[in-house]
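Structure record follows, encoded as C-alpha cells.
The values are calculated or read from the model by the stated rules, or taken from the named source; none is laboratory data. Being a predicted model, the structure only gives us computed values, none of them experimental. Ideal geometry is used to build each Cβ from the backbone, glycine not excepted, and the neighbour counts take in all protein chains shown. Note: areas computed on protein heavy atoms with side chains; ligands, DNA, RNA excluded. Shrake-Rupley method; radii C 1.70, N 1.55, O 1.52, S 1.80 Å.
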Amino acid sequence: MGEPKSKQFENIYYGLSNSPGILKLAPSGLGWKTPDSDSIVTISADEFKRVHWIRVARDYQIKFALKNGNAARFDGFPKENFESLREIIRTNYKLNLETKEICVKGWNWGETDFQGSQLLFNISKKTAFEIPLSHVSNTNLQNKCEVSLEFMQPEPFGEDSQSRSHRTPTHELVEMRFYIPGSTKVVKDVLQEVREKADLTQVSGEGIVLFNDVLLLTPRLRGKTYDYKVQYSSVGSLFLLPKLDDLHEMFVIGLDPPLRQGQTLYPFLVLQFKKEEEKEFNLNLDAFVNEKEYGGRLETTYDGAIYHVFSVVFRELTKRKIIKPSSFKSQHDEVAVKCSLKANEGYLYPLEKCFLFIPKPPTLIKTSEIEKVIFTRVSATAVKAPITSARTFDLKFRMKGNFEYQFSSINRLGLNIYRDSKFVHREEFEHLEEYFRSKKVITENDTSDTQTIQTFMNDISGSSDDEVIPASKRRQSESMPIDGEDSDSVDEDFQLEDSESDVAEEYDENYAGAGSSTEEDEPPKKKAKKS
C-alpha cells in the first residue's frame with residue numbers, strides 16, 4: 001500500500017446537479033466545486049462508511065455511503081478510471097471500492113428497502129433504483145394500496161433564486177407511486193417510514209414560533225393527507241396587501257421552485273389574517289443564534305396584530321423584502337381595483353415594479369415585461385346604449401413574450417373630485433391610465449367595442465349614424481309585412497275618409513266610448529212631467 005496522495009477528476013457531476021465540476025480526493029476527505037461557483041462541497045474522510053462503483057446513465061458513479069445514513073454520489077467517471085480510483089480509496093481511506101450491479105430487467109414489481117435516508121427498490125435481490133428521501137417534498141395515500149411520492153425540483157449548485165427564474169426548462173421526475181398489495185397496515189407503515197426519513201412529520205430542529213389556524217386562500221389543500229416542507233431558500237418574494245373589505249390583510253409568498261400538488265404547480269401561497277386579531281408571541285430563539293444568523297433583528301417577545309408579527313418574523317427568517325402597496329389610489333381611494341381574471345373574481349394591485357392579482361389564481365405581471373396596456377369598452381357610454389356592460393371596462397396586458405392577460409368587469413362609475421377650485425369628473429380607467437403613464441407603460445384605447453355597440457343600435461333602428469327616422473314612420477314601417485310572409489288582401493272597395501286627426505283613444509278626454517254618437521244624431525230630450 002502506497003503513501004496517501006491527492007488526485008482530482010474533471011467533468012464530474014454531484015448528485016442531481018446539471019453542471020459538471022471538479023472532484024478532488026485527498027487523504028482528509030473530498031471536495032467538489034463547479035468552475036463558475038465559489039461554493040464547495042466537502043465531506044470528511046471520517047464520515048465514509050462504504051464506497052460503491054456503479055454503472056449509471058452518466059457513465060460510472062462513485063457512491064460514498066456515509067455513517068449518518070446519507071450518501072454522496074458523483075457521476076461521470078469513464079470505465080478506465082476504476083483501477084486508479086480503487087487504489088486512491090484504498091490508500092487514503094482504507095476502504096475497498098466495491099462493484100455494485102444494477103438490475104436492468106425492466107420489471108415494475110419488486111421490494112422496497114430503507115437504508116438510512118435512502119429508499120431502495122430491489123428486483124431479484126439487485127437494486128433497480130434508489131431514492132434519496134431528502135428530495136421528497138410530500139407523500140400521501142392515493143387510495144388504500146397506493147403511496148405517492150412528490151419530489152422537489154433540484155436546484156443547480158450555487159444558483160440563487162434570481163438566476164433560477166432564467167433557467168432553461170428541463171425534464172425532471174416530479175412524482176412516483178408505489179402500489180402495495182396486501183393489508184392497509186403495511187401500506188401505512190411504508191407511508192409513515194417515508195415521512196420520518198424525509199422529515200415530513202415535523203420540521204427538523206426546534207420551532208422558533210408557531211402560528212395556529214392560519215387561513216390559506218391559495219392553494220386549497222385537500223385534507224390532512226398533504227404535508228409540505230418549504231425551504232426558506234425557495235422563497236423568492238413577499239407581499240403584504242390589505243383586502244378591500246377593510247377587515248383582512250393578505251400575505252403572499254412567492255415560491256421558486258413552486259409547490260406541487262399532483263400535476264398542478266402553485267408558485268404563490270396566499271394567506272389571510274384578520275386585521276383586528278392580536279396575540280402575544282414568545283420566540284424560541286437563543287440570543288447568540290439571533291445575533292449570528294439574523295443580526296439581532298428578531299425580538300424575543302412580540303405583542304400585536306398577528307399579521308404584523310407574522311410578516312416581521314417571516315421577513316427576517318427568509319431575508320426577503322416585503323412589498324407593500326404603492327402610491328396608486330383608485331377612484332374610491334383604494335390601493336387596488338376589483339376585477340375578474342377569466343371566471344375568478346379578485347383584486348388587481350398596481351405595485352411599484354409589478355402588478356399582482358389575488359387571491360385566485362395569483363398572477364404576477366412585471367412592469368418591465370409589459371409591451372402595452374389596452375383599455376377596452378371605455379367609451380361604451382358615449383353611445384348611450386341600454387347595455388349593462390357599459391358600466392364596466394376591461395384591461396388587457398400585452399406582454400413582450402407575445403401573450404396576454406385580460407382583466408374584466410372593472411367598475412367604471414366615476415366621481416366628482418374637487419381640484420383646482422372646481423369639480424372634475426374622474427372615472428376608474430383614468431386613474432389606471434395615469435398610473436401607467438407614470439411607469440412609462442404604453443397605453444391605448446380599443447374603440448372596436450364602441451363601434452360594435454353603435455352598429456348594434458343602428459341595426460335596431462334601421463338607420464345610419466346621421467339618419468333619424470320619426471316615430472310615426474318607424475311604426476308604419478314596423479307594421480308592414482315582411483317579404484314572403486302571409487298577409488290579408490287589400491279590400492279595393494274600402495274607402496278611407498280624409499281626416500286630420502287620429503282615431504280617438506280610450507285615454508283621450510274627447511273619446512266618448514264605443515257606440516257614442518255626435519250631437520246631430522243625439523235623440524231629443526224628454527220633457528219633465530207636470531205635477
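Quick test for you: out of 292, 229, 243, 279, pick the one residue that is of a type outside the set (Asp, Glu) and closer than 28 Å to residue 353 by Cα.
Working: 292 fails: closer than 28 Å to residue 353 by Cα; 229 fails: closer than 28 Å to residue 353 by Cα; 279 fails: closer than 28 Å to residue 353 by Cα.
Selected residue: 243, the only one of 292, 229, 243, 279 that is of a type outside the set (Asp, Glu) and closer than 28 Å to residue 353 by Cα.
If you take just the strands (runs of 3 or more DSSP E) that sit entirely in region 366-427, which of them hold at least 3 residues that are at pLDDT below 80? I'd like the intermediate steps shown before the answer.
Working: elements: 370-376, 392-399, 404-411, 415-419, 422-426.
Result: 415-419, 422-426.
Give region 35-79 a look and list any residue that's in a strand (DSSP E or B), over 14 Å from residue 15 (Cβ atoms) and among the basic types (Lys, Arg), or say none.
49, 50, 55
I need the full set of residues from region 80-94 which are part of a helix (DSSP H, G or I) and open to solvent by 80 Å² or more (accessible area, probe 1.4 Å), in order please. If you could, list the steps in order and put the result at the bottom.
The first filter runs over region 80-94 and keeps only residues part of a helix (DSSP H, G or I), leaving 80-93.
80, 83, 90 - these are the residues of region 80-94 that are part of a helix (DSSP H, G or I) and open to solvent by 80 Å² or more (accessible area, probe 1.4 Å).
Of all strands (runs of 3 or more DSSP E) completely enclosed by region 238-283, which ones contain at least 3 residues that are within 11 Å of the chain's Cα centre (by Cα) and at pLDDT below 95?
Details: elements: 248-261, 264-274, 278-282.
Strands (runs of 3 or more DSSP E) meeting the threshold: 248-261, 264-274.
Considering 97, 141, which residue is under 39 Å from the mean Cα position of the chain (by Cα) and not aromatic (Phe, Trp, Tyr)?
Of the residues listed, the single one that is under 39 Å from the mean Cα position of the chain (by Cα) and not aromatic (Phe, Trp, Tyr) is 141.
Return the residues of region 28-62 that are under 39 Å from the mean Cα position of the chain (by Cα), crowded, with 20+ Cβ neighbours inside 10 Å and either under 26 Å from residue 3 (Cα atoms) or without any contact (Cβ under 8 Å) to a residue 24 or more places away in the chain (or both); say none if nothing qualifies.
If the condition is that a residue be under 39 Å from the mean Cα position of the chain (by Cα), crowded, with 20+ Cβ neighbours inside 10 Å and either under 26 Å from residue 3 (Cα atoms) or without any contact (Cβ under 8 Å) to a residue 24 or more places away in the chain (or both), then 32, 61 are the ones that fit.
Mind counting the residues in region 181-206 that are assigned to a loop (DSSP other than H, G, I, E, B) and modelled with pLDDT of 85 or more? Explain how you work it out, then say what you get.
Of all residues in region 181-206, those assigned to a loop (DSSP other than H, G, I, E, B) come to 181-183, 198-206.
Keeping just the survivors that are modelled with pLDDT of 85 or more gives 181.
Matching residues across region 181-206 total 1.
Out of all the residues in region 284-316, which are of a type in the set (S, T, N, Q) and in a loop (DSSP other than H, G, I, E, B)? Quick ask: steps written out before the conclusion?
First pass over region 284-316, keeping only residues of a type in the set (S, T, N, Q): 284, 290, 300-301, 311.
Passing the criteria: 284, 300.
Just wondering, is there one or more residues in region 283-296 that are charged (D, E, K, R) and either in contact (Cβ under 8 Å) with a residue 60 or more places away in the chain or within 28 Å of residue 258 (Cα to Cα) (or both)?
The first filter runs over region 283-296 and keeps only residues charged (D, E, K, R), leaving 286, 291-293.
From what's left, either in contact (Cβ under 8 Å) with a residue 60 or more places away in the chain or within 28 Å of residue 258 (Cα to Cα) (or both): 293.
Yes, the conditions are met somewhere in region 283-296.
Between 25, 97, 16, which is touching a residue at least 24 places away in the same chain (Cβ under 8 Å), under 23 Å from residue 176 (Cα atoms), surrounded by 17 or more Cβ atoms within 10 Å (Cβ to Cβ) and not basic (Lys, Arg)?
On the way: 25 fails: under 23 Å from residue 176 (Cα atoms); 97 fails: under 23 Å from residue 176 (Cα atoms).
Answer to the check: 16.
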